[in-house]
Amino acid sequence: MDEIRKQELEQENLSYRKELQNRKRIVVKIGSSSLLHKTTQRLNYYQIDHLARELSDLKNQGKDVVLVSSGAAAAGREALGIDLDIYRQETRMNIKQACAAVGQARLIEIYQKFFSEYNQASAQVLMTKLTVADGESCRNLINTFEELLSLNVIPVVNENDSVATDEFLVGDNDNLSAMVSSVIHADLLILLSDVDGLYTDDPRSNRNARFIDYVPKMTDHLMEFGKSSTGSGAGTGGMSTKLHAGRIATASGCDMVIANADLGLKIIHDIMAGENIGTLFRADRDPDFHLSDYIF
């Protein structure tokens, strides 16, 4: 890339980020690794409290806010006293579903407690791939979201892991959050994870990996930067899932930002203020976009 074009993109990035403060409907996804203590893999209540405070503040600014949260299986594993190493080695689906069933109830109770501290109501929305793929189910889902948002409720969304098996699984909350963004016509998706954003290679194994702070358009070449690995044993999504989510979000007309929640959840405020944080994927609406084409 020549120097002039590089400078143009840098200026375009900084200018476009200032517009994020005007986004009205925002989906925030947070991964399991950002909700757990690193050493014990138990729930980090300070982090959850801070998340509830940041999202409540967005609501008080007049924004529609939807939270897509991982952590149900981790919360259930903690409640049931199942060791993480044993959980990782366990292949029986019903063990994972049982942890999710126990943990989902526990997690939503925690969210409701913290949101109530900031005078915000929250609601649980559970989905599977079938919910979005089936026309009638998707319409019902959209109606539920619209009614909740009209009532100033913050929907807390997760995959319905307690009933979903392989054929119905979305499989990761990066893509789930992009699907949610599409069906509710969100204009900004924030993916909070344990990575700073998009690099040309995995920075943990390649010190020469270059950080990319602005993506004006998704390309096949860009998708090659995706990695299937994840930074945490608690999560299921790596960079490849985030890039696929980016394709869904941007094609449906939604901006997307990948940012590192380990830097503190004030990062949500900073992103909305237009600071050059994380990787910004600019909305690039495809007139031929159909969400069903992206569900695999």
(message) Please return the ranges of strands (runs of 3 or more DSSP E) entirely within segment 101-219 where 1 or more residues are open to solvent by 10 Å² or more (accessible area, probe 1.4 Å) and among the hydrophobic types (A, V, I, L, M, F, W, C).
(response) 121-127, 153-159
(request) Spot the failing condition for D172; the list is (1) in contact with a Ser or Thr (Cβ under 8 Å, 6 or more places away or on another chain); (2) modelled with pLDDT of 90 or more; (3) not small (G, A, S), and only one is missed. (result) (2)
(message) Criterion first (farther than 19 Å from L263 by Cα, of a type in the set (A, V, I, L, M), open to solvent by 30 Å² or more (accessible area, probe 1.4 Å) and assigned to a helix (DSSP H, G or I)) does L20 satisfy it?
(response) no
(message) Just to be sure I understand, how many residues within segment 34-80 are among the aliphatic types (A, V, I, L, M), assigned to a helix (DSSP H, G or I) and in contact with a Leu (Cβ under 7 Å, 6 or more places away or on another chain)?
(response) 6
(request) Report, by residue number, each residue of segment 37-47 that is of a type outside the set (D, E, K, R) and open to solvent by 10 Å² or more (accessible area, probe 1.4 Å). (result) H37, T39, T40, Q41, N44, Y45, Y46, Q47
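Of the residues E54, E78, E10, which is open to solvent by 20 Å² or more (accessible area, probe 1.4 Å) and more than 20 Å from L107 (Cβ to Cβ)? Walk me through how you get there before you give the answer.
Working: E54 fails: more than 20 Å from L107 (Cβ to Cβ); E78 fails: more than 20 Å from L107 (Cβ to Cβ).
On inspection, the qualifying residue turns out to be E10.
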(request) Report, by residue number, each residue of segment 263-292 that is at pLDDT 95 or above and either polar (S, T, N, Q) or in a helix (DSSP H, G or I) (or both). (result) I267, I268, H269, D270, I271, M272, N276, T279
(request) Please specify each residue of segment 92-125 satisfying the condition of being more than 21 Å from S33 (Cα to Cα) and of a type in the set (S, T, N, Q). (result) N94, S116, N119, Q120, S122
(message) Being assigned to a helix (DSSP H, G or I), within 30 Å of E109 (Cβ to Cβ), open to solvent by 30 Å² or more (accessible area, probe 1.4 Å) and basic (K, R) is the requirement here; does R5 meet it?
(response) no
(message) Which count do you get for residues in segment 248-277 that are open to solvent by 10 Å² or more (accessible area, probe 1.4 Å) and closer than 30 Å to R88 by Cα?
(response) 4
(request) Take the residues in segment 81-90 that are part of a helix (DSSP H, G or I) and among the charged types (D, E, K, R), then tell me which one is least open to solvent (accessible area, probe 1.4 Å). (result) D85
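The values are calculated or read from the model by the stated rules, or taken from the named source; none is laboratory data. Since the structure is predicted, the reported quantities are computational estimates derived from the model, not experimental observations. Glycine gets a Cβ as well: all are built from the backbone with ideal geometry, and neighbour counts include every protein chain shown. For the accessible areas, the whole protein counts, side chains as well, though only heavy atoms, and no ligand, DNA or RNA atoms are used. Shrake-Rupley method; radii C 1.70, N 1.55, O 1.52, S 1.80 Å.
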